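Input: a single structure, listed below in structure tokens.
Nothing in this text is a laboratory measurement; each read-out follows from the coordinates by a stated rule. All values derive from a computational prediction rather than experimental measurement. Cβ: placed from backbone, ideal geometry, glycine included. Neighbour counts: every protein chain shown.
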Amino acid sequence: MIDTFKHQGLRRNLIATLKTKGIENQAVLDAIMKVPRHFFMDSAFLNFAYEDKAFPIGADQTISQPYTVAFQTDLLDVRAGMKILEIGTGSGYQTAVLTNLGCKVFSVERQKTLHKKAVQMLSKLNSTAKLFYGDGYKGLPSFAPFDRVLITCGAPYIPEDLIDQLKPGGILVIPIGDGDDQIMTRIVKKADGGLEKTTHGVFRFVPMLQNRQTS
Ligand code: SAH
């Protein structure tokens, strides 16, 4: 695992691409600059690590496109010290970006092989993130409440348990839709518990599966 000048240069180009695509949040761009995305990809795809594309990570899953990671992280509006629940650890790349922003990240993954791989990679990077193997629909009630909740797979609906685990004033970002496409949705939980929803365009995620934990 080496982060060479070449990788850093490619990452700088990626940041320029994300800016031209409309990402303006400097803190998010800085975090993406700091995380070596190629550490989170299979060696067969290393040459593509800094293209703005999703790639297979095994178990039929993908590492999200950098633009999507930047877009979701921007919508989540995080600050250092916040407690974040992430559903869909996958490669652990998005987890690492949030950790670099100074957040305490709790991330859940339903595929055991991916969970184990992410645990290994993030511990090599001395990450403070806490990773769990389980069903994201249930969240992590014993660690709730969270300042922010981020779902990185396409959900057919908003899981009630995840809303319950969000602090009043907190924000949940979730791609909603059960077909190939999802609508990026941002939900603010108001002090009285009411929900304020806004939508932010169409994205494409792997599905959020229920009751189908696999090893
Ligand atoms: N954030 C990831 C993106 C991974 S793709 C990254 O940066 O690499 C979405 C992940 O969600 C997949 O790994 C998939 O296995 C996981 N997933 C799908 N349904 C889930 C569920 N119910 N609970 C937890 N994880 C789930």
*Does region 101-113 contain any residue that is polar (S, T, N, Q) and near the ligand (Cβ under 9 Å from one of its atoms)?*
yes
*State all residues of region 51-104 that are of a type in the set (A, V, I, L, M, F, W, C) and more than 25 Å from Glu196 (Cβ to Cβ); if no residue qualifies, say none.*
Ala54, Phe55, Ile57, Ala59, Ile63, Ala96, Val97
*Residues in region 189-212 that are out of contact with any Pro (no Cβ under 9 Å at 6 or more places or on another chain), surrounded by 16 or more Cβ atoms within 10 Å (Cβ to Cβ) and without any contact (Cβ under 8 Å) to a residue 40 or more places away in the chain: how many?*
0
*Can you name every residue in region 30-53 that is surrounded by 18 or more Cβ atoms within 10 Å (Cβ to Cβ) and either touching a residue at least 60 places away in the same chain (Cβ under 8 Å) or of a type in the set (Lys, Arg) (or both)?*
Ala31, Ile32, Val35, Arg37, Phe39, Phe40
_Checking Gly22 against (1) in contact with a Ser or Thr (Cβ under 9 Å, 6 or more places away or on another chain); (2) not in a helix (DSSP H, G or I): exactly one of these is not met. Which one?_
(1)
_Please go through region 1-29 and give me each residue that is touching a residue at least 60 places away in the same chain (Cβ under 8 Å) and either of a type in the set (Asp, Glu) or in contact with an Asp or Glu (Cβ under 7 Å, 6 or more places away or on another chain) (or both), ordered by number._
Val28
*Out of all the residues in region 188-215, which are out of contact with any Gly (no Cβ under 9 Å at 6 or more places or on another chain) and away from the ligand (no atom under 16 Å from the Cβ)?*
Asp192, Gly193, Gly194, Leu195, Glu196, Lys197, Thr198, Thr199, His200, Gly201
*Consider only pairs whose beta carbons are under 9 Å apart and that are at least six residues apart or on different chains; among these, list those whose first residue lies in region 109-138 and is more than 17 Å from Asn211 (Cα to Cα) and whose second residue is of a type in the set (D, E, K, R).*
Ala118/Glu109; Thr128/Lys104; Ala129/Glu86; Ala129/Lys104; Lys130/Lys104; Leu131/Glu109
*Quickly run through region 160-183 and pick out the residues that are within 16 Å of the ligand (Cβ to nearest atom) and small (Gly, Ala, Ser).*
Gly177, Gly179
*Report yes if some residue within region 149-159 is more than 12 Å from the ligand (Cβ to nearest atom) and in contact with a helix residue (DSSP H, G or I) (Cβ under 6 Å, 6 or more places away or on another chain); otherwise report no.*
yes
*Which of (1) within 12 Å of the ligand (Cβ to nearest atom); (2) within 30 Å of Ser43 (Cα to Cα) does Tyr137 not meet, given it meets every other one?*
(2)
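Please enumerate the residues belonging to region 25-39 that are in a helix (DSSP H, G or I) and not basic (Lys, Arg).
Gln26, Ala27, Val28, Leu29, Asp30, Ala31, Ile32, Met33, His38, Phe39
In region 47-98, what count of residues is obtained for those that are of a type outside the set (D, E, K, R), more than 10 Å from the ligand (Cβ to nearest atom) and assigned to a loop (DSSP other than H, G, I, E, B)?
Final tally of qualifying residues: 6.
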